[in-house]
1. What length, rounded to one decimal in nm, is gained on full extension from Asp69 through to Asp46, with 0.36 nm per residue of separation minus their alpha-carbon distance?
2. Go through segment 85-95 residue by residue and turn each phi into a ³J(HN,Hα) via Karplus (6.51, -1.76, 1.60, θ = phi - 60°); whole Hz please, and just put x for glycine and proline.
3. Over all pairs of distinct alpha carbons, what does the Kirkwood formula give as the hydrodynamic radius of the chain, in Å?
4. Rounded to the nearest 0.05, what FRET efficiency is calculated for Val60 and Ala35 with R0 set to 30 Å and r the Cβ-Cβ distance?
5. Classify segment 46-107 from the C-alpha gyration tensor, please: rounded if a/c falls under 1.5, else prolate or oblate depending on whether a/b exceeds b/c.
Amino acid sequence: MSNHNGQGTAGPEEIIYAEEFVIDEGGIDLKMDGASVMSVSFDHVDNFQLAYEVLPESYVFSNPEDREDWDSLVEEAAKHTGVTDEDLELTARAFLTALARRNGYEK
């Protein structure tokens, strides 16, 4: 589970932003004044698609050749070694866990 401060500004349209949001395996809770005001469940959601979709827009390879090289490497490894979707998911989880450990937010 992780807690995060929300960001946003109330403009002329009177948009209200959550002050905090809590993320865990089950979903996301939006909080105002310490109370949960809205929750959403991750039931029936592909968590790997969700993880991919929340990457920053700036998350791109520095040049097209790098992207092509990585895409080719993964595709070739998957074809010749029988890497399954589950194997790719486990690999993604392993790298995300290593990053979480490095940055201090590992579960």
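1. Details: separation 23, 0.36 × 23 = 8.28 nm, distance 2.64 nm.
Once the chain is fully extended between Asp69 and Asp46, it gains 5.6 nm.
2. Computed from phi, the couplings for segment 85-95 are 4, 4, 4, 5, 5, 5, 5, 4, 4, 4, 5 Hz.
3. Numbers: mean 1/r = 0.0587 Å⁻¹.
This gives a value of 17.0 Å.
4. Values: r = 38 Å, r/R0 = 1.28.
FRET efficiency, Val60 to Ala35: 0.20.
5. On the way: a/c = 1.84, a/b = 1.22, b/c = 1.51.
Oblate.
The numbers here are math on the coordinates, done by the rules we state, and not lab data. Being a predicted model, the structure only gives us computed values, none of them experimental. Here the Cβ is made from the backbone with ideal geometry for all residues, glycine too, and neighbour counts use every protein chain on show.
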